[in-house]
1. Counting only protein heavy atoms, what percent of the accessible surface of the chain is carbon or sulfur at a 1.4 Å probe?
2. What angle, in degrees between 0 and 90 and rounded to the nearest 10, separates the Cα long axis of helix 85-97 from the longest principal axis of the Cα atoms of the chain?
3. How long is the gain from ARG89 to ARG31 if the chain were fully straight, where each residue apart is worth 0.36 nm and the alpha carbon distance is subtracted?
4. Answer with one residue from PHE87, GLY18, THR8: the one whose Cα lies farthest towards the positive end of the charge dipole of the chain, charges on Cβ with Lys, Arg +1 and Asp, Glu -1.
5. May I ask you to give the solvent-accessible area per residue for the chain, in square angstrom, as obtained with a 1.4 angstrom probe?
6. Just to confirm the number: angle between the C-alpha axis of helix 58-67 and the first principal axis of the chain, 0 to 90 degrees, nearest 10?
7. Considering just Cα atoms, how many Å³ per residue does the convex hull of the stretch 3-45 enclose?
8. After finding the eigenvalues of the alpha carbon gyration tensor for the chain, what semi-axes result from the square roots of 5 times each, listed largest first in whole Å?
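The values are calculated or read from the model by the stated rules, or taken from the named source; none is laboratory data. Treat the numbers as computed from the prediction; the structure is a model and nothing was measured. Note that each Cβ is placed from the backbone with ideal geometry, even for glycine, and that neighbours are counted across all protein chains shown. Each accessible area value is taken on the protein alone, full model and side chains, heavy atoms only, with ligands, DNA and RNA left out. Shrake-Rupley method; radii C 1.70, N 1.55, O 1.52, S 1.80 Å.
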Amino acid sequence: MRLLTHNTLRNNSAEANGKGYPLKISAVEVRVDDASEVGTDSEREIAFVKGILDMLDWKILVKAAAELGLNTLPPTLNENLVNDDNFLRALYHVLMNVHLVKGMLTCPDTGREFPVTDGTVDFTMEEDECENVRY
């Protein structure tokens, strides 16, 4: 599971009542892909990050990165960083090449745990646990 993915995940159970965010990460296994092995396209990476920057919850991203052992993200973004191509490429690497392979995501509101195995989160719930959603 990528850090980019984690930034959007929440516990949607009825018990969480729409509040189950952010999920706490307890990592057992983390994988960091070498950018040179997965290919790089600087312009594409920079454009991607610029396109999603306003959608990221920065505070949650910094906390999640720290839970995976990465303590290099600045606590806040500023105009200089947003316009720094080297920073944007490094941020791309953090968002896309750092993976939680095995561990647990825990809801801060209910304490419910969601296991992560082979990078996939198991959000399976019983029907009565789900939020009442209308289509």
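1. Details: 3880 of 8250 Å².
Roughly 47 percent of what the probe reaches on the chain is carbon or sulfur.
2. Here the helix axis deviates by roughly 40 degrees.
3. Working: separation 58, 0.36 × 58 = 20.88 nm, distance 1.83 nm.
Additional length available on full extension: 19.0 nm.
4. The listed residue farthest towards the positive side: PHE87.
5. Numbers: 8250 Å² over 135 residues.
Spelled out: the 1.4 Å probe surface of the chain, per residue, equals 61 Å².
6. Approximately 80 degrees, to the nearest 10.
7. Taking only Cα atoms, the stretch 3-45 has a hull volume of 103 Å³ per residue.
8. Numbers: eigenvalues 167, 56, 37 Å².
Listed largest to smallest, the semi-axes of the chain are 29, 17, 14 Å.
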